[in-house]
Each structure stands twice: as C-alpha cells, then as structure tokens.
Amino acid sequence: MSEAVGAGRRRFLGRAALAAPVLGAAAWLYARAGRRAGRVVCRADELPVGGYRLFEHPGPDEPCILIRRTPDRLVAYSRLCTHESCTVAYRQGADRLECPCHAGAYAADDGRVLAGPPPRPLRRLDVTVADGRVVVGGAAR
C-alpha cells in the first residue's frame with residue numbers, strides 16, 4: 001500500500017472518530033424530539049367525566065387510552081401491560097385497567113399496579129389541553 005493511501009485512510013478515520021459523537025448526539029436529540037411530539041386525541045368537550053378514548057401513540061402498534069377523571073383532570077396511559085405486553089382494557093365500573101392474559105390490574109387514577117404479576121405501573125403519557133384540544137405527548141413517568 002502506498003504512503004498516500006495510508007495517509008488518506010488515517011485522515012478519514014480521524015475525521016470519522018471526531019464526527020461520531022456529534023452524529024450520536026444528533027440522533028439522540030432527533031429520537032427524543034419524536035417521543036415528545038404531541039398528538040391531538042380529541043376535543044376536550046367531546047369527552048365526558050368518566051369517559052375514555054382509545055388511540056395509538058407514537059406509532060400504529062402502540063395502543064393507548066385517554067381517560068377523563070374529573071372536569072379538569074385527564075390521564076393517558078400506554079395500554080401495554082408491563083408484564084408481557086398484552087393489551088389492557090378499561091373497566092369503567094371497576095375504575096381500573098385489566099390485563100386479560102394473567103389477571104393483572106392497574107388503577108385508572110394513576111396507573112399503579114393493583115393485582116397480578118405486572119412488575120411496574122403502566123407507562124403514563126403527558127396530557128395537555130390547548131385551544132380546546134386534548135394533546136397527548138411522550139412519557140411523563
């Protein structure tokens with residue numbers, strides 16, 4: 001191999017090593033911005049107290065639920081059980097979300113585990129009301 005080719009290769013690898021952290025940081029910021037992007041689920045006046053709306057966020061394979069707890073309080077959760085990712089269902093009469101796979105249950109008020117094998121609460125999503133529209137964003141807790 002000629003000396004010129006070796007020097008060119010060293011220059012390229014040196015620049016790539018300097019660019020890697022910058023590109024990594026840019027990719028992390030891009031991914032974080034995507035998770036934080038809000039999604040309008042419905043108009044606030046369309047959802048009565050005790051009512052709920054199913055939606056998907058941030059992608060089509062990620063089922064979620066929005067529940068109006070009081071006139072001024074809305075909560076949203078991922079509907080994927082933290083045990084084995086089965087889809088939980090909201091039981092209004094029991095005021096909880098239940099997993100049909102292994103009898104897991106979560107409190108509708110805060111997503112905490114009430115029963116069964118789930119190791120942690122449901123993933124909670126940010127909820128805001130802007131211009132009368134309910135906007136759900138990334139994970140809150």
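Laboratory data are not the source of any read-out in this text; all were calculated from the coordinates shown. The structure displayed is predicted, hence computed values, not measured ones. Neighbour counts are summed over all protein chains in view; Cβ atoms, including those assigned to glycine, are modelled from backbone coordinates with ideal geometry.
A few notes on this one:
- Normalised contact order of segment 53-97, rounded percent, pairs of Cα under 8 Å and 6 or more residues apart: 23 percent
- For segment 119-131, putting each phi into the Karplus relation 6.51 cos²θ - 1.76 cosθ + 1.60 with θ = phi - 60° gives couplings of x, 7, x, 5, 6, 8, 10, 5, 10, 9, 10, 10, 6 Hz, in residue order, rounded to whole numbers and with x for Gly and Pro.
- For Arg39, the amide hydrogen comes within under 5 Å of the amide hydrogens of Val136, Gly137, counting only partners 5 or more places away or on other chains and with H modelled in the peptide plane.
- Residues whose placed amide H lies under 5 Å from that of Glu62, excluding near-sequence neighbours: His57
- Electrostatic bookkeeping for Ile67 treats Lys and Arg as +1 and Asp and Glu as -1; over the other residues with beta carbon under 15 Å from its beta carbon, the sum is +3.
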